[in-house]
Every structure is written in C-alpha cells, then in structure tokens.
1. Exactly one condition in (1) of a type outside the set (G, A, S); (2) at pLDDT below 90; (3) touching a strand residue (DSSP E or B) at 6+ places or on another chain (Cβ under 8 Å) is not met by E107; state its number.
2. Are any residues in the range 31-54 surrounded by 10 or more Cβ atoms within 10 Å (Cβ to Cβ) and of a type in the set (K, R), and if so, which ones?
3. Looking at this structure, is I50 touching a helix residue (DSSP H, G or I) at 6+ places or on another chain (Cβ under 8 Å) and under 16 Å from E126 (Cβ atoms)?
4. For the list (1) free of Cβ contacts under 8 Å to residues at least 12 places away in the same chain; (2) β-branched (V, I, T); (3) surrounded by 17 or more Cβ atoms within 10 Å (Cβ to Cβ), I need the number of the one condition that I59 fails.
5. Considering only residues of the range 100-113 that are in a loop (DSSP other than H, G, I, E, B) and open to solvent by 30 Å² or more (accessible area, probe 1.4 Å), which is nearest to E75 (Cα to Cα)?
6. Could you say whether any residue in the range 13-24 is at pLDDT below 90, surrounded by 11 or more Cβ atoms within 10 Å (Cβ to Cβ) and in a helix (DSSP H, G or I)?
7. Six or more apart or on different chains, Cβ atoms under 6 Å: show the pairs whose first residue is in the range 40-55 and more than 15 Å from G99 (Cβ to Cβ) and whose second is open to solvent by less than 80 Å² (accessible area, probe 1.4 Å).
8. Which residue pairs have Cβ atoms under 7 Å apart, sit 6 or more places apart or on different chains, and have a first residue in the range 114-126 that is in a helix (DSSP H, G or I) and a second that is surrounded by fewer than 16 Cβ atoms within 10 Å (Cβ to Cβ)?
Amino acid sequence: MENVQAFLKVIIANSSQIGIIIIPSILFIPTIKEETTIQICPYLEASFKILGRSWNGLIIHYLSLCPEGKAHFSEMKRDLPDITPRALSLKLSELADHGMLEKHVSEGTPVIISYQLTEKGIALSEALKPIQEWAQKYQTIQSEQENDHAK
C-alpha cells in the first residue's frame, strides 16, 4: 500500500510534465490505520484481585479507623455483623498473606488474637480515601428502614 501511495504522489507531482490531468476531489488515497492495543496496568490489576474480593476493602477500611490500625477479632466480629466468623477469619488470613495486616496472638489465658495494618495496608487505606469521597458523592445508600419496608 505504501508503494501505491508513493507512486501516486510521484504521478501527482509530475502530472503536468507527463500530460495527466488529475481532479483532486476524485483522487482518494486510502490509509491503513494501525490498531493500537490498550494494555491494562498489571499493578492495578493485581490490586483489584485483592480489593475486588468480598470484605477485603471493608476490613482494611475498618482497621484504618481503629487506634493504631489494630483490632481484636472479637471487635471486628461485633462491628462487622454481616460477615460470618468463619468468613472473617478466612479474609483476615488472606489479607495477612497479601502483607496487608499482621496477626498478633497474645500468650496467656484467654488467648487474645488481634490484627494490625502493616505499612502496606496503611498505604492502601490511604488510597481508599478518594474512593470513599467519590462514593459519598455519587452512591445512594438505602437506610435500614427502607430495606425493611422493601422486604
């Protein structure tokens, strides 16, 4: 195609010398548009694999609101009533595996288990603040009374 375009340009440039009459409005030189591939950022994709899972973002947010980014399992179970204790335990382990929080087990009786945000988890909780601001501006939340009436 490039050869054809180059050939036509030479003919147009020399049309008066070789006796060819060219009507510009009729001449059309098609160009081939190259496809561009959009690549998703692999870091953002990896982050959404963590945040996109149920409860993970809310647990990070919850811990960020706690003093020193730390809470006992029993406090989280109390304050996040919609998650089962088993699911909470699994999610906390998952977040610990991702380096977002650390599990602390106290010695003695009774054993007290607490979780604390790591530097990585704190950084993520800071990154969630603009999303929270967006949500407060654009999301509509039904009150519990409205939900009860809908049932």
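The values are calculated or read from the model by the stated rules, or taken from the named source; none is laboratory data. Because the structure is predicted, anything quoted here is derived from the model rather than measured. Counting neighbours? That spans all protein chains shown, and the Cβs are built from the backbone with ideal geometry, glycine included. Please note that ligands, DNA and RNA were not included when accessible areas were found on the heavy atoms of the full protein model with its side chains. Shrake-Rupley method; radii C 1.70, N 1.55, O 1.52, S 1.80 Å.
1. (3)
2. Result: K49, R53.
3. Details: touching a helix residue (DSSP H, G or I) at 6+ places or on another chain (Cβ under 8 Å): yes; under 16 Å from E126 (Cβ atoms): yes.
Answer is yes for this residue.
4. Among (1) free of Cβ contacts under 8 Å to residues at least 12 places away in the same chain; (2) β-branched (V, I, T); (3) surrounded by 17 or more Cβ atoms within 10 Å (Cβ to Cβ), the lone unmet condition for I59 is (1).
5. Of all residues in the range 100-113, those in a loop (DSSP other than H, G, I, E, B) come to 100, 106-112.
Retained after the next criterion (residues that are open to solvent by 30 Å² or more (accessible area, probe 1.4 Å)): 106-112.
On the way: S106: 16, E107: 19, G108: 19, T109: 18, P110: 15, V111: 14, I112: 11 Å.
That would be I112.
6. The answer is yes; a qualifying residue exists.
7. W55/I83; W55/K91
8. Qualifying pairs under 7 Å: K120/G99; S125/H61.
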